[in-house]
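The values are calculated or read from the model by the stated rules, or taken from the named source; none is laboratory data. Please read these numbers as outputs of a predicted model, since none were measured by experiment. As a convention, Cβ positions derive from the backbone with ideal geometry for all residues, glycine included, and neighbour counts pool all protein chains shown. Note: areas computed on protein heavy atoms with side chains; ligands, DNA, RNA excluded. Shrake-Rupley method; radii C 1.70, N 1.55, O 1.52, S 1.80 Å.
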Amino acid sequence: MAESPQSPAAPGPALPLRARLSFACGHFLNDACSALWFTYLLPFLHAVLGYGHGAAGALLLAGQAADGLCTPLLGFEADRAHGCGRYGRRKGWHLAGTTCVLVSFPFVFSPCLACRESTPQWAAFIYYLPFIVIFQFGWAATQVSHLALIPELVSSDHGKVELTAFRYAFTVMANITVYGLTWLLLNFQTDQPDHMEHLGPQDIPVFRNLALIVVGLGAVFSLIFHLGTKEKPYPPRVRLEPEESTPLLHKEPPGPLLLWKDWLLEPSFYQVAVLYMATRLIVNLSQTYIAMYLTNSLLLSKKYIATIPLVMYVSGFLSSFLMKPVNKWIGRNLTYFVGILVVLAFASWVALARPVGDEIYGLAVLLGAGSATILVTSLSMTADLIGTNTHSSAFVYGAMSFTDKMANGLAVMAIQNLHPCPTELCCPACVGFYRWVMVLVTGGIAVAAVATLCCIMVWPIRIRYGPSGAAVGALSSLGWLRPRSQGNPHAAGAVGLQGLSSARTPESSTRGAEGESRSSTIN
């Protein structure tokens with residue numbers, strides 16, 4: 001198939017270093033809050049505030065459900081929006097999301113202001129619920145708008161790789177900052193040796209101060225993003241939905257335009273969604289329960305809830321440098337399979353032996369490297385799926401995020417309801433419980449991910465039906481819709497194939513999507 005004429009289209013001038021750095025600052029707040037949310041929410045609610053397992057799981061489920069519902073809707077609206085005045089459509093949503101996160105997140109990691117010891121847990125649930133929903137709405141708006149801004153700032157593959165590499169570097173910085181601050185705040189209690197071994201109510205100031213510091217730093221980075229990032233004006237010639245004033249006859253369109261409803265007819269859309277969901281389940285559930293595993297199953301002191309996640313993240317960051325050469329050498333699918341093998345090695349080690357001493361750091365390296373490998377590769381596959389259809393990329397990223405948010409929330413709620421100690425923080429039975437949780441959320445889900453990967457190897461990722469013209473024609477042939485015209489029956493198919501060859505070959509997809517895959521390694 002001939003190369004699409006859009007592929008070598010004028011790439012435009014490269015962004016200056018200052019613009020790239022300011023863009024990368026735009027997701028620092030989200031990344032830092034995400035690290036806090038997944039790693040420390042359950043320990044904070046369980047061990048520090050003393051809430052039951054069901055109440056803590058319900059709060060996390062409510063947050064994940066709110067995020068899962070908001071993300072695809074915001075992606076759809078972000079693609080339709082035209083901006084507000086001189087403020088671009090992506091930056092406008094980013095500003096709204098950032099504001100919501102700043103005003104709500106500190107309350108999530110603070111004790112209930114109006115609660116007393118006799119206050120029932122359902123009342124505390126009602127207190128925290130609005131703050132969690134507002135936070136998740138803001139988080140989703142910031143994430144979707146920031147991801148969708150990449151193809152609008154730069155048009156060349158090299159430029160996208162650079163932008164996502166900068167973005168990933170700031171993701172690493174945000175996570176290292178969170179875990180480093182946690183370690184420092186916990187070790188400030190060295191003058192209280194009785195309170196150092198285990199989490200408890202005495203650690204309320206630690207988490208409250210941690211959330212306030214994270215929000216303060218995130219506000220500074222978000223300000224740098226909005227001052228230094230110049231969004232290009234939205235081109236008026238591109239319309240996602242026809243209006244009354246739209247002329248019936250058009251000149252030849254510049255390329256295929258897949259709308260959100262077209263994606264729902266693509267089988268590859270669901271293949272990638274299932275694989276991304278399985279990947280996120282492994283990454284997020286292991287991150288959620290690693291602190292409980294360390295403190296309740298291995299009986300380690302609370303300083304390890306900072307050092308072990310830090311080792312996991314640094315090992316994942318270092319392994320990400322191998323992604324590009326490994327992808328070129330063995331391909332996208334085998335790279336994902338190698339990452340799954342590393343995750344299965346972690347699960348086998350946890351199941352067959354009880355790590356002691358420095359062995360726990362070896363486990364952290366395995367889990368961090370394997371998780372980063374499969375997450376980076378699954379995001380690369382999402383970028384392969386989008387290809388040149390960047391105008392609807394926000395909806396695709398939102399839909400992928402919807403699957404993982406809902407699955408994560410339901411999985412956490414199920415695990416919390418299976419807890420063997422419903423009336424206390426931990427009993428002898430929970431020592432083995434969290435061990436097998438870590439085995440199943442890594443090894444068990446890894447087996448499902450391998451099955452999905454086999455389906456992708458048999459039916460590769462590609463656009464099969466094309467834009468709305470082909471979709472309408474397919475539905476019309478079934479008698480569901482009446483065709484609007486009786487033109488060339490092959491025209492829609494030709495449009496659907498136009499411009500896809502450059503995004504579908506393994507070599508070009510590796511170059512074009514490698515950088516995009518690093519865009520969001522944590523949630």
Study note, to complete from the structure: Under 20 Å by backbone N from the virtual spin label 7 Å along Cα-to-Cβ at Ile204, the residues of segment 21-46 are 40-46
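So how much slack lies between Leu318 and Lys230, counting 0.36 nm per residue of separation and subtracting their Cα-Cα distance, in nm? Let's see the in-between values first.
Details: separation 88, 0.36 × 88 = 31.68 nm, distance 3.12 nm.
My answer for the length gained is 28.6 nm.
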Check your understanding: Between Ala165 and Leu334, 0.36 nm times their residue separation minus their Cα-Cα distance comes to what?
Key -> 58.6 nm
Review point. For Asn417 and Glu117, what does the FRET efficiency come to when R0 = 25 Å and r is the distance between their Cβ atoms, rounded to the nearest 0.05?
Key: 0.50
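Please report the carbon-and-sulfur percent of the accessible area for segment 268-416; probe 1.4 Å, protein heavy atoms only, DNA, RNA and ligands left out.
Values: 3390 of 4470 Å².
The C+S portion of the solvent-accessible surface of segment 268-416 is 76 percent.
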Study note, to complete from the structure: For Leu199 the rounded accessible area (nearest 10 Å², probe 1.4 Å, non-protein molecules ignored) is 30
Review point. What accessible surface, in Å², does a 1.4 Å probe find on Met323, ignoring ligands, DNA and RNA and rounding to the nearest 10?
Key: 10
Point to revise | For Asp67, net neighbour charge (Lys/Arg +1, Asp/Glu -1) across residues whose Cβ lies under 12 Å away | key: +1
Check your understanding: Counting only the heavy atoms of the protein chains, how much of Trp349 is accessible to a 1.4 Å probe, in Å² to the nearest 10?
Key -> 80
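Kindly sort Arg208, Arg90 by accessible area of their heavy atoms, largest first, with the probe set to 1.4 Å.
Values: Arg208 90, Arg90 0 Å².
Highest to lowest solvent-accessible surface, that is Arg208, Arg90.
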Practice item. Mind giving me the nanometre distance, one decimal, between the label points for Phe188 and Ala448, set 7 Å out from Cα along Cα→Cβ? Key: 4.1
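Ranked by accessible surface with a 1.4 Å probe, highest first, in what order do Ile445, Ile463 come? If you can, show how the numbers build up before the last one.
Details: Ile445 30, Ile463 5 Å².
So, going from the largest accessible area down, we get Ile445, Ile463.
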Practice item. With label points built 7 Å along Cα→Cβ from the Cα atoms of Ala351 and Ala14, find their separation and express it in nm. Key: 4.8
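Compute the length gained on full extension between Leu440 and Ile213: take 0.36 nm times their separation in residues and subtract their Cα-Cα distance, giving the result in nm to one decimal. If you can, show how the numbers build up before the last one.
On the way: separation 227, 0.36 × 227 = 81.72 nm, distance 3.44 nm.
That works out to 78.3 nm of additional length.
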Exercise for review: Send over the Kirkwood Rh of segment 261-366, from the inverse of the averaged 1/r over different Cα pairs, rounded to one decimal Å.
Suggested key: 15.8
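So with the 1.4 Å probe, I'd like the accessible area per residue for segment 299-442, rounded to whole Å².
Details: 5420 Å² over 144 residues.
It amounts to 38 Å² per residue over segment 299-442.
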Practice item. Would you mind getting me the FRET efficiency between Ala96 and Leu341? Use the beta-carbon distance for r and R0 = 41 Å, nearest 0.05. Key: 0.45
